[in-house]
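Rule-based calculations on the coordinates, nothing more; no lab input. Owing to the predicted nature of the structure, the values given are computational and were not obtained by experimental measurement. All Cβ positions, glycine included, derive from the backbone under ideal geometry; neighbour counts span all protein chains shown.
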Amino acid sequence: MDTNDNASTAGTAGSAGATAAGNGRDQMSDNMKNVMNDAQNMMKNATEQMNAGYEQARARFDSTMQSARENFDTMQQQARENAQQMMDQADRYVQSNPWQAVGIGAVAGLVLGMLLGGGRK
């Protein structure tokens, strides 16, 4: 009976070792699956955070651009008004002082002519 007991014990030990190895493999497989799931969840969360950050940055950019457009439109309107006022003042001056305007124009033309064509003899 001793031989059968030894064979029985060896068979039990062998199947216990196989079961332990199988359990170890299953546990390792489960661990790998958990690591993969955790990595996927981390990527998903990182992507969501990046998208949220992108949306916030884009909203700030759009707001800044809208303010810049409004400021540009205001400055452009002021420039038009200032130019119109200057043209109106020049027109009133010429109508009030026609001969002075002609004299100023003649002197300006003479000076420009001399500057532009000064090298001729």
For the pair GLN100 and ASN37, the simple spin-label estimate (label points 7 Å beyond Cα toward Cβ) gives in nm 9.3 nm
Kirkwood calc, region 74-121, C-alpha pairs only, radius in angstrom 13.0 Å
Under the 7 Å Cα-to-Cβ spin-label approximation, ASN45 and ARG60 lie apart by a distance in nanometres of 2.4 nm
Along region 47-52, Karplus-curve 3J(HN,Hα) (6.51, -1.76, 1.60; θ = phi - 60°) to the nearest Hz, with x for Gly and Pro, reads 5, 5, 5, 5, 5, 5
Given a Förster distance of 22 Å, the FRET efficiency implied by the Cβ-Cβ spacing of LEU115 and ALA90, rounded to the nearest 0.05, works out to 0.45
